[in-house]
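Remarks on the structure that follows.
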Amino acid sequence: MTELSLLAEALLAVEGTESTEASAVTREHLQTMAWLALELGAALGGGLRRFAELSVELGDSRLAERLLDLPLRLGSAGETDAGLAIARAFEFLGPDKLRGDAAVILAQAGRRDEAVARIAENLERAADTTLAEAKAGDAYRALGEDDAAEAYYRRSLSEAKTPFERSEAVLRIVSLLSDAGREQDAARFLAEERQRAVKS
């Protein structure tokens with residue numbers, strides 16, 4: 001077994017125990033996962049081909065999913081620097097997602113200026129405009145700036161090219177409106193979306 005596969009298997013094993021243990025241990029598990037992920041990222045050196053080979057060697061498709069989810073999980077647990085480092089280390093797996101997650105992590109940490117700068121950079125570099133707009137909305141929502149979040153979510157909706165992208169944008173908008181106590185607006189928006197879907 002290679003060093004890469006040992007690191008990856010250890011990361012997946014920690015993930016497995018984390019889901020069955022008490023929530024008090026979650027932060028410790030996240031920190032362990034962060035350390036393992038950073039070691040794995042350094043060993044991979046940003047190589048998508050090496051990552052693909054590792055995934056085949058492991059015969060486990062969960063690795064990419066775990067790594068893509070880890071930065072936000074760390075940011076939500078207050079592990080800002082670790083979340084940002086892992087987002088950078090694995091940006092090659094999902095550039096627009098992980099760049100957007102980095103903006104959200106900065107926003108959750110109250111680092112508004114850095115979050116807004118990251119949002120602008122992400123939107124400028126985005127290959128997936130729909131996702132970049134949605135992540136910008138997520139970051140503004142984390143900052144508590146609901147008007148800006150809604151505007152970006154609506155842009156994401158207008159950029160959506162697939163039914164999945166559209167449903168993701170609709171979900172974000174409805175969630176934002178509902179959480180802001182605007183249930184009537186959420187209901188009206190959903191009704192409009194249903195009518196649009198019927199006409200399509």
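Assorted remarks:
- Of residues in segment 169-197 being of a type in the set (A, V, I, L, M) and surrounded by fewer than 16 Cβ atoms within 10 Å (Cβ to Cβ), the one farthest from Ala149 (Cα to Cα): Ala197
- Residue match in segment 155-167 (condition: outside any helix (DSSP H, G or I) and under 26 Å from Arg111 (Cβ atoms)): no
- Ser200, sole failed condition from (1) farther than 20 Å from Ala134 by Cα; (2) surrounded by 11 or more Cβ atoms within 10 Å (Cβ to Cβ): (2)
- The condition of being hydrophobic (A, V, I, L, M, F, W, C) and either closer than 28 Å to Ala43 by Cα or not in a helix (DSSP H, G or I) (or both) holds for Leu98.
- Any hit, segment 169-186, residues being under 21 Å from Asp128 (Cβ atoms), of a type in the set (Gly, Ala, Ser) and in a helix (DSSP H, G or I): yes
- Matching residues in segment 71-87 - criterion: being surrounded by fewer than 21 Cβ atoms within 10 Å (Cβ to Cβ), touching a residue at least 40 places away in the same chain (Cβ under 8 Å) and over 16 Å from Thr26 (Cβ atoms): Ala85
- Close pairs (9 angstrom Cβ cut-off, 6 or more residues apart or separate chains): surrounded by 20 or more Cβ atoms within 10 Å (Cβ to Cβ) in segment 154-168, part of a helix (DSSP H, G or I) and among the aromatic types (Phe, Trp, Tyr) anywhere: none
Here is a yes/no grid of residues against (1) part of a helix (DSSP H, G or I); (2) at pLDDT below 85; (3) among the acidic types (Asp, Glu):
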position: Thr17; (1), (2), (3): yes, yes, no
position: Val25; (1), (2), (3): yes, yes, no
position: Phe51; (1), (2), (3): yes, no, no
position: Asp60; (1), (2), (3): no, yes, yes
position: Leu68; (1), (2), (3): yes, no, no
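- You will find that of Ala115, Ala103, Ala107, the residue that is in contact (Cβ under 8 Å) with a residue 12 or more places away in the chain, assigned to a helix (DSSP H, G or I), within 24 Å of Thr130 (Cα to Cα) and in contact with a Lys or Arg (Cβ under 6 Å, 6 or more places away or on another chain) is Ala103 and no other.
- Residue list for segment 113-134, restricted to those being farther than 13 Å from Ala169 by Cβ, crowded, with 22+ Cβ neighbours inside 10 Å and in contact with a Phe, Trp or Tyr (Cβ under 9 Å, 6 or more places away or on another chain): Ala115, Ile119
The values are calculated or read from the model by the stated rules, or taken from the named source; none is laboratory data. On a predicted model such as this, the values are computed, not experimentally measured, just so you know. Here the Cβ is made from the backbone with ideal geometry for all residues, glycine too, and neighbour counts use every protein chain on show.
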